[in-house]
Amino acid sequence: MGDLAWILISALLVNNFVLTLFLGLCPFFGVTSRVSTAVRLGLANLFVLLLTALCAWFLNRFVLGEAPYLRLIAFIVVIASLVQIVEMAIKKWSPVLFRQLGIYLPLITTNCAILGLAIFQTNRGYGFWQGMAFAVGAGLGLTLALVLMASIRERLDVADVPAVARGTGIVLIIAACLSLAFMGFAGLGSSL
Amino acid sequence: MAAAPAASLEDLTRGLWRENPVLVQMLGLCPTLAVTNSVANGIAMGVATLFVLLGSNVLVASLRTVIPKEVRITSYILIIATFVTTADFTLEALVPRIHAALGPFVALIVVNCIILGRAEAFASRVSVRRAALDAIGMGTGFTMVLLMMSGVREVLGSGTLLGMALFGGRFEPWVIMVLPPGGFLTLGIFLLLLAWRAERRQRVQEA
């Protein structure tokens, strides 16, 4: 059980997908102007990550043993269809959320975090429950990073940012500070 | 395709600076930040991306009348994934150490927005020659940014360039620069400098 908890904490904090592995930067820079949207997108990602971990485990276990060179192609096709299904489901059940997420919903397909999760999971040889814990940790970590960034940017709206730094420049500098803070978690490894 | 404009130098040079995929379009940030902690990694990533971009652009352009509109994105992704798999195995065979250092980021070229973006926005509408020129321009522009980033980060962060020590024993490396925060910081500073230059040029023009 300690193993599962460690995988979760590691993906959530120590090896946070966004701030230390640079996965999922597009939504991190694109959809973090409001906290409410950031939370929703984070949770949508968490959901897709869980489904992906499930599919990747299934593919690795039952299909790709014979043909590892098809791994990348199989993963990307499965992820693309998954996102399409999630998109249709959200459109049906919550049109408001669908409008708010806009272009970023289909872009979950090309979100490196999703494919990255599948590849990491494969490389590390995670089993079923380990994969699930990894997906939950990664999804929560992504949500955490999005929400942190969105809260800072909401405050930034009323701050006097120099004209040259407005836009992506200041966001990258903030990301550097956040990333620096998350490096503090690196010491967590030995105590768990 | 009779009305299609001929290939021009513009197709080639556009990606280098004026429409640079990273600095201007803000695409492909994940690899730009993740693998630029040493110049060797940056070069390998740049060349691999250039190869995939060229292959996918040429194939997409030559198949543009065959691929049905409804399934075009899926088809593009399949084409890209094929080239990435090729690049992945080639790197593993030729430079195993760099391949190990790049880790999953070679496979993640599949989801590099630059490649899908060029396939969708450009290669699917133009002749093979123009698509190829565009791929070379964009790929070189991307490699250039990787070189700039990794150059700054390797020199400051480990005091070396391509593995050769630059400063002798006295240099205290600024370790943060080769760690994740350094990536964000370096790109942020690049963007600040560019914005500052653009603003100053505008002011000079107005005066």
For region A:106-155, which positions are over 22 Å from A:Val83 (Cβ atoms), modelled with pLDDT under 90 and assigned to a helix (DSSP H, G or I)? A:Asn123
In region B:54-97, residues that are of a type in the set (A, V, I, L, M, F, W, C) and within 14 Å of another protein chain (Cβ to nearest Cβ) total 13
Test set (1) within 29 Å of A:Leu180 (Cα to Cα); (2) surrounded by fewer than 18 Cβ atoms within 10 Å (Cβ to Cβ); (3) at pLDDT below 90 - B:Ser158 fails condition number: (2)
How many residues, within region A:62-82, are small (Gly, Ala, Ser), within 14 Å of chain B (Cβ to nearest Cβ) and in a loop (DSSP other than H, G, I, E, B)? 1
For A:Phe58, which of the numbered conditions (1) surrounded by fewer than 18 Cβ atoms within 10 Å (Cβ to Cβ); (2) within 14 Å of chain B (Cβ to nearest Cβ) fails to hold? (2)
Output for region A:143-168, where each listed residue is buried (at least 22 other Cβ atoms within 10 Å of the Cβ) and within 13 Å of chain B (Cβ to nearest Cβ): A:Ala145, A:Met149
Of A:Ile174, A:Ile85, which residue is without any contact (Cβ under 8 Å) to a residue 24 or more places away in the chain and of a type in the set (A, V, I, L, M)? A:Ile85
Based on this model, can you work out whether B:Leu78 counts as surrounded by fewer than 18 Cβ atoms within 10 Å (Cβ to Cβ) and hydrophobic (A, V, I, L, M, F, W, C)? yes
For residues that are part of a helix (DSSP H, G or I) and within 14 Å of another protein chain (Cβ to nearest Cβ), scanning just region B:7-41, find the one that is surrounded by the most Cβ atoms within 10 Å (Cβ to Cβ). B:Thr32
Going through region A:156-166 one residue at a time, which ones are farther than 19 Å from A:Cys26 by Cα and part of a loop (DSSP other than H, G, I, E, B)? A:Asp157, A:Val158, A:Ala159, A:Asp160, A:Val161, A:Pro162
Among the residues of region B:174-189, how many are in contact with a Phe, Trp or Tyr (Cβ under 9 Å, 6 or more places away or on another chain) and either in contact (Cβ under 8 Å) with a residue 24 or more places away in the chain or over 30 Å from A:Cys26 (Cβ atoms) (or both)? 4
May I ask you to verify whether A:Phe98 is touching a Lys or Arg at 6+ places or on another chain (Cβ under 9 Å), in a helix (DSSP H, G or I) and more than 14 Å from chain B (Cβ to nearest Cβ)? yes
Being at pLDDT 85 or above and either surrounded by 24 or more Cβ atoms within 10 Å (Cβ to Cβ) or among the small types (Gly, Ala, Ser) (or both) is the filter here; which residues of region A:29-44 pass it? A:Ser36, A:Ala38, A:Gly42
Residues of region B:173-207 satisfying the condition of being assigned to a helix (DSSP H, G or I) and loosely packed, with under 15 Cβ neighbours inside 10 Å: B:Val175, B:Leu193, B:Arg197, B:Ala198, B:Glu199, B:Arg200, B:Arg201, B:Gln202, B:Arg203, B:Val204, B:Gln205, B:Glu206
All but one of (1) within 13 Å of another protein chain (Cβ to nearest Cβ); (2) more than 20 Å from B:Leu187 (Cα to Cα); (3) outside any helix (DSSP H, G or I) hold for A:Ala186, so report the exception by its number. (3)
Output for region A:37-52, where each listed residue is touching a residue at least 40 places away in the same chain (Cβ under 8 Å), over 12 Å from the mean Cα position of the chain (by Cα) and over 12 Å from A:Leu142 (Cα atoms): A:Thr37
For region A:26-44, give me each residue that is under 22 Å from B:Ile80 (Cβ atoms) and either in contact with a Gly (Cβ under 9 Å, 6 or more places away or on another chain) or among the charged types (D, E, K, R) (or both). A:Pro27
Can you confirm whether B:Ala119 is out of contact with any helix residue (DSSP H, G or I) (no Cβ under 8 Å at 6 or more places or on another chain), within 14 Å of chain A (Cβ to nearest Cβ) and hydrophobic (A, V, I, L, M, F, W, C)? no
Those residues that are over 21 Å from B:Ser38 (Cβ atoms) and either among the hydrophobic types (A, V, I, L, M, F, W, C) or within 14 Å of chain A (Cβ to nearest Cβ) (or both), I need them from region B:122-156; list them, please. B:Phe122, B:Ala123, B:Val126, B:Val128, B:Ala131, B:Ala132, B:Leu133, B:Ala135, B:Ile136, B:Met138
Picking from B:Gly137, B:Gly141, B:Gly117, which residue would you name as being surrounded by 15 or more Cβ atoms within 10 Å (Cβ to Cβ), under 17 Å from the mean Cα position of the chain (by Cα), among the small types (Gly, Ala, Ser) and within 14 Å of B:Thr32 (Cα to Cα)? B:Gly141
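A quick yes/no check of all residues on (1) at the interface with chain B (Cβ under 10 Å from one of its Cβ atoms); (2) over 19 Å from B:Ala34 (Cβ atoms); (3) not in a loop (DSSP other than H, G, I, E, B):
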site	(1), (2), (3)
A:Phe22	yes, no, no
A:Ser36	no, yes, yes
A:Leu50	no, yes, yes
A:Gln84	yes, yes, yes
A:Glu87	no, yes, yes
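The values are calculated or read from the model by the stated rules, or taken from the named source; none is laboratory data. Note that the structure is a prediction, hence the values are computed from the model and not measured. All Cβ positions, glycine included, derive from the backbone under ideal geometry; neighbour counts span all protein chains shown.
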